[in-house]
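Student: Have a look at this one.
The values are calculated or read from the model by the stated rules, or taken from the named source; none is laboratory data. As the structure is a computational prediction, the values presented were derived from the model and not from experiment. Every residue, glycine among them, receives a Cβ derived from its backbone with ideal geometry; neighbour counts consider all protein chains shown. When the accessible area is computed, the model is the full protein with side chains, heavy atoms only, and any ligands, DNA or RNA have been set aside. Shrake-Rupley method; radii C 1.70, N 1.55, O 1.52, S 1.80 Å.
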There are 2 protein chains.
Amino acid sequence: MTETLIDKRARLLGPNIPTFYDDPVHLVKGEGVWLWDKDGRKYLDCYNNVPHVGHCHPKVVEAICKQAGTLNTHTRYLHDGIVDYAERLTATFDASLDNVLMTCTGSEANDVALRMAQAVTGNTGVIATDYTYHGNTMAVAQLSQTKPPIGGYWDNMAFVPAPDSYRPLGGEAGMAHARAFAAAVEEKIAELQAKGHGLSALVICPFFANEGFPDLPHGWLTPAIDAVRRAGGVIIADEVQPGFGRLGSHFWGHERMGFLPEIVTVGKPMANGHPVGAVIAGHDTMAAFRNAFAYFNTFGGNPVSMAACLATLDVIQSEGLQDNAQQVGAYAKTSLQQLADRHDSIGDVRGAGLFFGAEMVLDRDSKTPAPEYTKRVANGMRQRGVLMNFLGRNRNVLKMRPPLVFSRANVDQVIETLDTVLTETPVTE
Amino acid sequence: MTETLIDKRARLLGPNIPTFYDDPVHLVKGEGVWLWDKDGRKYLDCYNNVPHVGHCHPKVVEAICKQAGTLNTHTRYLHDGIVDYAERLTATFDASLDNVLMTCTGSEANDVALRMAQAVTGNTGVIATDYTYHGNTMAVAQLSQTKPPIGGYWDNMAFVPAPDSYRPLGGEAGMAHARAFAAAVEEKIAELQAKGHGLSALVICPFFANEGFPDLPHGWLTPAIDAVRRAGGVIIADEVQPGFGRLGSHFWGHERMGFLPEIVTVGKPMANGHPVGAVIAGHDTMAAFRNAFAYFNTFGGNPVSMAACLATLDVIQSEGLQDNAQQVGAYAKTSLQQLADRHDSIGDVRGAGLFFGAEMVLDRDSKTPAPEYTKRVANGMRQRGVLMNFLGRNRNVLKMRPPLVFSRANVDQVIETLDTVLTETPVTE
């Protein structure tokens, strides 16, 4: 009997290797918003923020090829690439965020950010939200309750409930919810101080992407952020998912929420799939880290990675992809809301720009989550040629986060297919 | 006044960014063993193990370009690349090392390896050597005394003196030295056990590359390894520097030393500069980690990285580069030994394959290290167009670790230039 690709993965990579869908797709080709499997079947990619400007964008591919054939070396030699990109990247932020540290992954970026916060505050306590994920290093794994770390949690880690606009803490949405969140943060600050750790940082995704991207008003985080700063802590904004124009209205998630973090981390989309991450901070914050630890990253900031980053940023700006995210995203959200009129299982439609989705429920009055149903819907979409997935604290939020070159016609295909799948999938657990 | 590239780095990247040489080289192009600066000056690269098969090797560049233009996505979809490479990579190891986990850097690989050792042994204590470096994550920074971690050392870390064949522990070289090293390891095991951590791993570079690559006989590590296994610990062999055929006689550093580790980590040279790292272990060891932690690495194992890895391995094998490393490396070592006949400042010549160098001293009888002199020699070589550097516990070992396509003519150029620089540099501190 022939060994399947899944068998080979199990034999060579070990057990418990994550895949998408009950019947994982075997891909061979990508272009723009499209993917093809080994049998030539075409899929609409509605859930991949890594190929941010579209799969295999020719300008990014050309930049990689050209630089890979010219020079690739580390930053202990001088090269224009890293300073040119640092100049361009910092220009997209508030003037106070003027320094960059290059890594190879978002995990490495968050790993540095934790130490940067520790170096600049002199404290070690960290607060994160309870259904998030920030990466896979030993230190960063401490920030996740969805993937518990080997050996358990450190004493300096604390968690607060992530905001849920559909079922707000304290029962009331908006700023009452914001104050309840801030009170939870204050409680954890007091605990960390009582243990002698003090507070170094609150780490958040400003879109709460993994928690189900709740619908929060501008300024919602301000009470919590004020509490962090009163305690001498800093804010680490993990922009790996919402950043680089995806949310449409703003280039960065923290701008949309109306706050200015001390430290920003980025990753996945910044080079359209080439392994890159970065930490952005003000000079004094960066200096506190750089002077406390002799950081060097062999591949970080190499000329090929920088060429890929520069080309990706060029394409976002020259093709107006932030604006496209805003317009097509608004159309997608409206279309999903119209679909909700015909399907009671859609309990709540949420999102911003090209990061949108719907919370699926057994019953709108009780808001009872429907995770098994949601999983069947995601698998049904895959069978009908549209790739999306689901997440959230109840694993019942259909999440759509396509490349930023997504069009209205792509949205129409998603909505029509979803209409069909919802119609044919019984709403049961 | 025009802002220089070094000024720009300080403004955009912050302070304390490492560079090579008093007058850092501003590079624009690379090919094979050659690098060019912005003024068109050509340099012989004698110190870069990242472009393992030569700068911008056309086969690696072609593989990257082709795959970057076809598909780049994560491993939650199925793709042939990762299993094809895992099959090829594991084939270079003992049959017991049959599973692979892909990362983006050697640091990420060591960060995983530490948790893998913890998962498989149930213990948390770690022993490393005192002048080594294994990477830059918060956890891996714990393994280094040359770059002390922010916040100090964890209670479960312990260090033993790295072997120094020129000044052996206990005064006697060879197996007496090996038993003295094993005794130091046993002492630290007892301390970790007394503290309640037990022993999870001894982490070593099997070539002790950063410590000055001491000249150790086959089997030298066996007494220490026996002590580790008696205590229930495992060996993590960090092959980031000696691996992939560099040592000439063997494909892996641990083979040359005559031991079989439970966990191997690799990085820098494996894709000729593309950001890749990996952990190789037996199925049960991998399963202990995979089942204890839901590890996923967005960029790890992507099709472009795998194409770069495969092409690099193809070139190593098809161009006979391990054999070249052995032959040219032997010639280099002999040539260096002949040079030592004319320069008393060369206290000791060491190395294997294309990883060789010389320990520089003020006086051969006292073996007094000459770090300032060594630094001036490295800068003098750079001024004369040969790039090399220095390291070791006394910062007095000239280290040469060129791309594996290094030729005898390249060796001749190094030796002639070194002869000139040693002649014109006063042996003083």
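Student: For A:LYS42, go through the aspartates and glutamates and keep the ones whose alpha-carbon is under 19 Å away, minus same-chain ones fewer than eight residues off.
Tutor: In chain and number order, the partners are A:ASP22, A:ASP23, A:GLU31, A:ASP412, A:GLU416, B:ASP80.
Student: May I ask you to evaluate 6.51 cos²θ - 1.76 cosθ + 1.60, the Karplus curve with θ = phi - 60°, for each residue of region B:297-309 and list the ³J(HN,Hα) values in order in whole Hz, giving x for glycine and proline?
Tutor: Each residue's phi maps through the Karplus curve to give 10, 3, 8, x, x, 5, x, 5, 4, 5, 5, 5, 5 Hz.
Student: Ordered shortest first, which distances in nm separate the 7 Å Cα→C-beta label point of A:THR428 from those of the other copies?
Tutor: Going from nearest to farthest copy, the values are 9.2 nm.
Student: When only Cα pairs under 8 Å and 6 or more residues apart are kept, what is the percent relative contact order across chain B? Could you put the intermediate results ahead of the total?
Tutor: Values: 875 pairs, mean separation 90.9, N = 429.
Here the relative contact order equals 21 percent.
Student: In the protein assembly as shown, if the dipole is taken from +1 on Lys/Arg beta carbons and -1 on Asp/Glu beta carbons about the Cα centre, which of B:VAL28, B:ALA190, A:PRO371 is farthest to the positive end?
Tutor: Projecting each Cα onto the dipole axis, the largest value belongs to B:VAL28.
Student: How high is the relative contact order of region A:70-226? Use alpha-carbon pairs under 8 Å, at least six apart in sequence, and give a whole percent. All intermediate terms of the calculation are to be shown ahead of the outcome.
Tutor: Numbers: 197 pairs, mean separation 36.4, N = 157.
Rounded, it is 23 percent for region A:70-226.
Student: Additional query: Just to be sure I understand: if you take the accessible area of chain B alone plus chain A alone and subtract the pair, with a 1.4 Å probe, what total do you get in Å², rounded to 100? It would help to have the intermediate numbers written out before the result.
Tutor: Working: alone 18200 and 18150 Å², together 27610 Å².
Summing both chains' loss of accessible area gives about 8700 Å².
Student: If you take all C-alpha pairs in the protein assembly as shown, what percent of them are over 39 Å apart? Before the final figure, lay out each step's value.
Tutor: On the way: 142813 of 367653 pairs.
Summing the P(r) of the protein assembly as shown above 39 Å gives 39 percent of all pairs.
Student: While we're here: Counting only DSSP beta bridges with both residues in chain A, tell me the antiparallel percent, nearest 5. Working shown, then result.
Tutor: Details: 32 of 51 bridges.
Close to 65 percent.
Student: Taking R0 as 51 Å, what FRET efficiency do you get between B:GLU191 and A:ASP344 from their Cβ-Cβ distance, rounded to the nearest 0.05? All intermediate terms of the calculation are to be shown ahead of the outcome.
Tutor: Details: r = 64 Å, r/R0 = 1.26.
Efficiency at R0 = 51 Å is approximately 0.20.
Student: Same structure, new question: For region A:1-141, what does the alpha-carbon gyration tensor say about shape, rounded, prolate or oblate, given a ≥ b ≥ c as the root eigenvalues, a/c under 1.5 as rounded, and a/b over b/c as prolate?
Tutor: The shape class here is oblate.
Student: Which peptide among B:105-112, A:152-159, A:46-53 comes first, and what is the full order, when sorted by highest mean count of other Cβ atoms within 10 Å? Write out the running numbers ahead of the final one.
Tutor: Working: B:105-112: 30.8, A:152-159: 16.4, A:46-53: 24.8.
The packing order, highest mean first, is B:105-112, A:46-53, A:152-159.
Student: Using the structure shown, list the pairs from A:LYS8/A:LYS29; A:LYS8/A:LYS147; A:LYS38/A:LYS399; B:LYS188/B:LYS333; A:LYS268/A:LYS375 with a Cα-Cα distance above 32 Å, or answer none. Walk me through the numbers before you get to the answer.
Tutor: Working: A:LYS8/A:LYS29 21 Å; A:LYS8/A:LYS147 25 Å; A:LYS38/A:LYS399 25 Å; B:LYS188/B:LYS333 36 Å; A:LYS268/A:LYS375 24 Å.
From the list (A:LYS8/A:LYS29; A:LYS8/A:LYS147; A:LYS38/A:LYS399; B:LYS188/B:LYS333; A:LYS268/A:LYS375), the Cα-Cα distance tops 32 Å for B:LYS188/B:LYS333.
Student: Sort all Cα-Cα distances of region B:193-350 into consecutive 10 angstrom bins from zero, then give the percent of pairs in each bin up to the one containing the longest distance.
Tutor: 9, 30, 33, 20, 7, 1
Student: Same structure, new question: Quick check on region A:99-138: take the gyration tensor over C-alpha atoms, sort the square-rooted eigenvalues as a ≥ b ≥ c, and tell me if it's rounded (a/c under 1.5), prolate or oblate.
Tutor: Numbers: a/c = 2.19, a/b = 1.01, b/c = 2.17.
In terms of gyration-tensor shape, oblate.
Student: In region B:175-315, what percentage of the DSSP-assigned beta bridges are antiparallel, given to the nearest 5? Mind showing how you got there, number by number?
Tutor: Working: 4 of 12 bridges.
Given both bridge residues lie in region B:175-315, the antiparallel proportion sits at roughly 35 percent.
Student: Of B:LEU216, A:THR132, B:GLN338, whose Cα points farthest to the positive end of the dipole of the protein assembly as shown (charges on the beta-carbon: +1 Lys, Arg; -1 Asp, Glu; origin at the Cα centre)?
Tutor: Of B:LEU216, A:THR132, B:GLN338, it is B:GLN338.
Student: Please list, by residue number, every one of the chymotrypsin sites (Phe, Trp or Tyr not before Pro) in region B:355-421 that is coil in DSSP and has at most 12 other beta-carbon atoms within 10 Å. Could the numbers behind the result be given before it?
Tutor: Details: sites: B:PHE355, B:PHE356, B:TYR373, B:PHE390, B:PHE406; in loops: B:PHE406.
Answer in residue order: no site qualifies.
Student: From zero outward in steps of 20 Å, how is the percent of C-alpha pairs of chain A spread across the bins?
Tutor: Cα pair-distance distribution for chain A, in percent: 25, 58, 16, 0.
Student: Please sort by residue number the trypsin sites (Lys or Arg not before Pro) in region A:21-75 whose DSSP state is loop and whose Cβ has at most 14 other Cβ atoms within 10 Å.
Tutor: Numbers: sites: A:LYS29, A:LYS38, A:ARG41, A:LYS42, A:LYS59, A:LYS66; in loops: A:LYS38, A:ARG41.
Taking region A:21-75 and a limit of 14 other Cβ atoms within 10 Å, the loop trypsin sites (Lys or Arg not before Pro) found are A:LYS38, A:ARG41.
Student: Between B:LYS38 and residues 5 or more places away or on another chain, which pairs have amide H atoms under 5 Å apart, with H built 1.01 Å from N, and which residues are they?
Tutor: Under 5 Å from the amide H of B:LYS38: B:HIS26, B:VAL28.
Student: Determine the shielding of peptide B:276-283 by partner chains: average, over its residues, the number of Cβ atoms on other chains within 10 angstrom of each Cβ.
Tutor: Working: counts 3, 3, 0, 0, 0, 1, 1, 6.
Mean partner-chain Cβ count within 10 Å for B:276-283: 2.
Student: Classify region A:79-235 as rounded, prolate or oblate from the Cα gyration tensor: take a ≥ b ≥ c as the square roots of its eigenvalues, call it rounded if a/c is under 1.5, otherwise prolate when a/b beats b/c and oblate if not. Don't jump to the answer; show the numbers that get you there.
Tutor: Values: a/c = 1.60, a/b = 1.32, b/c = 1.21.
Prolate, because a/c is 1.5 or more and a/b exceeds b/c.
Student: Hey, got a sec? Which trypsin sites (Lys or Arg not before Pro) in region A:297-372 land in a DSSP loop and have at most 16 other Cβ atoms within 10 Å?
Tutor: Values: sites: A:LYS333, A:ARG342, A:ARG350, A:ARG364, A:LYS367; in loops: A:ARG364, A:LYS367.
Listed in order of number, the matching sites are A:ARG364, A:LYS367.
Student: With every protein chain present, what accessible area does B:SER366 have (1.4 Å probe, heavy atoms only), rounded to the nearest 10 Å²?
Tutor: Surface open to solvent at B:SER366 totals about 70 Å².
Student: Turning to a different aspect of this structure: Any idea how far the Cα center of region B:344-386 sits from the one of region A:40-66, in Å?
Tutor: Taking the Cα centre of region A:40-66 as reference, the centre of region B:344-386 is 49 Å away.
Student: Taking the Cα centroid of region B:113-134 and of region A:138-176, what is the distance between the two, rounded to the nearest whole Å?
Tutor: 29 Å
Student: For B:THR368, list long-range residues whose amide hydrogen, built 1.01 Å from N in the peptide plane, is under 5 Å from its own amide hydrogen.
Tutor: So B:THR368 has HN proximity to B:LEU362, B:ASP363.
Student: Looking only at B:PRO148, B:PRO242, B:PRO161, which one moves most when chain B is put into a Gaussian network model with springs between Cα atoms under 10 Å?
Tutor: Of B:PRO148, B:PRO242, B:PRO161, the Gaussian network model singles out B:PRO148 as fluctuating most.
Student: To continue, here is another question. Once you average over the residues of A:297-308, how many Cβ atoms of partner chains fall within 10 Å of each Cβ?
Tutor: Details: counts 5, 13, 13, 5, 2, 4, 4, 6, 3, 0, 0, 1.
Across A:297-308, the average partner-chain Cβ count within 10 Å equals 5.
Student: Hey, for B:ASP84 with labels 7 Å out along Cα-Cβ, what do the inter-copy distances come to in nm, ordered shortest first?
Tutor: Relative to the other copies, B:ASP84 has label-point distances of 3.2 nm.
Student: For the protein assembly as shown, what proportion of DSSP beta bridges, expressed in % and rounded to the nearest 5, is antiparallel? Mind showing how you got there, number by number?
Tutor: Numbers: 64 of 103 bridges.
If we restrict to bridges inside the protein assembly as shown, about 60 percent are antiparallel.
Student: Which distances in nm, rounded to one decimal and ordered from shortest, link the label point of A:GLU319 to the equivalent label points in the other identical copies, with labels set 7 Å from Cα toward Cβ?
Tutor: Shortest to longest, the spacings are 3.5 nm.
Student: Tell me which residues come under 5 Å, amide H to amide H, from B:LYS399 once H is placed; ignore anything under 5 positions away on its chain.
Tutor: The list, which skips near neighbours in sequence, is B:ASN389, B:PHE390, B:LEU391.
Student: Excluding ligands and nucleic acids, what accessible area in Å² is computed for B:THR2 using a 1.4 Å probe, to the nearest 10?
Tutor: Accessible area, nearest 10 Å²: 120 Å².
Student: Could I ask something else about it? Using the Cα atoms of region A:146-224 to build a convex hull, what is its mean projected area in square nanometres? Don't skip to the end; give the middle numbers.
Tutor: Details: hull surface 22.8 nm².
Result: 5.7 nm².
Student: Same structure, new question: Measure off 7 Å from each Cα along the Cα-to-Cβ vector at B:ILE6 and A:PHE296, then give the distance between these two points in nanometres to one decimal.
Tutor: That separation, rounded to one decimal, is 1.6 nm.
Student: Shifting gears a bit: Based on the alpha carbons, how large is the Rg to Rh ratio for region B:340-407 when Rh follows Kirkwood? Provide the component values of the computation, followed by the final result.
Tutor: Working: Rg = 11.9 Å, Rh = 12.3 Å.
Radius of gyration over Kirkwood radius for region B:340-407 works out to 0.97.
Student: Here's another thing I want to ask about it. Just want to confirm a number: the relative contact order over region A:294-429, from Cα pairs under 8 angstrom separated by 6+ residues, in percent. The partial results should precede the final answer.
Tutor: On the way: 183 pairs, mean separation 31.7, N = 136.
Worked out over region A:294-429, it gives 23 percent.
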